[in-house]
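Undergrad: Can you keep this structure in mind? I'll have questions shortly.
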Amino acid sequence: DTGVSQDPRHKITKRGQNVTFRCDPISEHNRLYWYRQTLGQGPEFLTYFQNEAQLEKSRLLSDRFSAERPKGSFSTLEIQRTEQGDSAMYLCASSLGPAGNPLEQYFGPGTRLTVT
Amino acid sequence: ELKVEQNPLFLSMQEGKNYTIYCNYSTTSDRLYWYRQDPGKSLESLFVLLSNGAVKQEGRLMASLDTKARLSTLHITAAVHDLSATYFCAGGEGGGATNKLIFGTGTLLAVQP
């Protein structure tokens with residue numbers, strides 16, 4: 001399967017612990033996005049990479065959140081000192097975008113985080 | 001800042017009937033997307049609409065875009081149970097530089113036999 005993959009699919013953690021999620025985009029896609037979705041809501045943008053450069057971060061992304069895409073391929077999203085309000089589905093998406101013409105974003109299956 | 005609103009939020013339909021989901025957005029957006037999400041699953045891309053007057057159709061779903069009215073519609077023809085899902089529209093913000101998606105709150109569609 002050559003779609004976007006995410007790992008783990010589910011994560012249960014205790015408040016205060018750190019968690020890290022991984023996203024592997026479609027191989028030729030240079031753009032990678034992280035979104036967060038809470039129950040009954042649409043996804044909200046968190047951050048965006050073009051190749052290895054993190055070009056935009058949402059105000060939703062507090063200093064407890066950090067994302068990397070070290071070689072312009074896979075990406076990781078780390079949450080430090082988790083809080084119950086971090087419980088959500090974390091979605092990764094990728095797209096192929098020459099400058100000025102990004103089109104469809106393809107979403108991975110998501111990582112569902114539950115903070116107890 | 002782009003804001004996207006969908007209505008209705010919940011739609012219960014009988015099989016065989018037609019209905020339309022509306023998506024209004026607040027500022028100019030280069031592109032408008034429709035996605036489908038099944039319970040507990042990720043988002044499946046349905047349509048990308050790039051220009052005023054664009055119309056795309058796939059099976060029983062047809063999407064259109066009116067950039068002057070800042071309105072997109074998703075029309076469902078002769079609904080079947082398999083179409084039951086949550087449908088999201090999203091606008092692309094940031095132009096070619098970012099194209100982050102700003103989503104509406106979704107329309108939960110339930111097709112009753």
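The values are calculated or read from the model by the stated rules, or taken from the named source; none is laboratory data. None of the values given here were measured: they were computed from a predicted structure. With ideal geometry, Cβ positions are generated from the backbone for all residues, glycine too; neighbour counts draw on all protein chains shown. The area values use the complete protein model at the heavy-atom level, side chains included, leaving out ligands, DNA and RNA. Shrake-Rupley method; radii C 1.70, N 1.55, O 1.52, S 1.80 Å.
Undergrad: Report the accessible surface area buried between chains A and B, summing both sides, using a 1.4 Å probe on protein heavy atoms only, in Å² rounded to the nearest 100.
TA: For chain A against chain B, roughly 1800 Å² becomes buried.
Undergrad: Using 0.36 nm per residue, how much length does the chain from A:LEU96 to A:THR76 gain when fully extended, once their Cα-Cα distance is taken away? Don't skip to the answer; put the middle values down first.
TA: Working: separation 20, 0.36 × 20 = 7.20 nm, distance 1.91 nm.
Length difference between fully extended and current span is 5.3 nm.
Undergrad: Could you sort the peptides A:49-58, A:25-34 by per-residue average Cβ neighbour count (10 Å cutoff), highest mean leading?
TA: Highest mean packing first, the order is A:25-34, A:49-58.
Undergrad: Among A:GLY72, A:GLY16, A:GLY42, determine the one that fluctuates most according to a GNM of chain A built with springs between C-alpha atoms less than 10 Å apart.
TA: A:GLY42
Undergrad: Taking a virtual spin label 7 Å from the Cα of B:GLN14 along the C-beta vector, which residues in the stretch B:65-82 bring their backbone nitrogen under 15 Å of it?
TA: B:78-81
Undergrad: So what is Rg over Rh here for the protein assembly as shown, counting just Cα atoms and using Kirkwood for Rh?
TA: 0.97
Undergrad: Could you provide, to the nearest whole Å², the per residue accessible area of chain B with probe 1.4 Å?
TA: Here the residues of chain B average 47 Å² of exposed surface.
Undergrad: What residues does the stretch B:31-47 have that are buried by at least 50 Å² of accessible area in the full protein assembly compared to the chain on its own, 1.4 angstrom probe?
TA: B:SER42, B:LEU43
Undergrad: Hey, another quick one. For chain B, which span is the longest to avoid every loop-located (per DSSP) member of GluC sites (Glu not before Pro) having at most 15 other Cβ atoms inside 10 Å?
TA: The reported range is B:16-113.
Undergrad: Next question. Could you look at the stretch B:1-95 and say what percent of its accessible area is carbon and sulfur, using a 1.4 Å probe and all protein chains? Please report the intermediate quantities before stating the final value.
TA: Values: 2290 of 4730 Å².
The value for the stretch B:1-95 is 48 percent carbon and sulfur by accessible area.
Undergrad: Out of B:LEU32, B:ALA78, B:PHE10, whose Cα points farthest toward the positive end of the dipole of chain B (charges: +1 Lys, Arg; -1 Asp, Glu; placed on Cβ)?
TA: Farthest along the dipole direction, towards plus: B:LEU32.
Undergrad: Right, another one. What does the structure give for A:34-42 when I average, per residue, the other chain Cβ atoms found within 10 Å of the residue Cβ?
TA: 4
Undergrad: Now for a separate question. Give the average, rounded to an integer, of partner chain Cβ atoms located within 10 angstrom of each Cβ in A:66-78. Mind dumping the intermediate values first?
TA: On the way: counts 0, 0, 0, 0, 0, 0, 0, 0, 0, 0, 0, 0, 0.
Across A:66-78, the average partner-chain Cβ count within 10 Å equals 0.
Undergrad: Considering only protein heavy atoms and a 1.4 Å probe, what is the carbon-and-sulfur percentage of the accessible area of chain A?
TA: Carbon and sulfur together cover 45 percent of it.
Undergrad: B:GLU44 versus B:GLN112, label points 7 Å from Cα toward the beta carbon: distance in nm?
TA: With each label placed 7 Å out from Cα toward Cβ, I get 2.4 nm.
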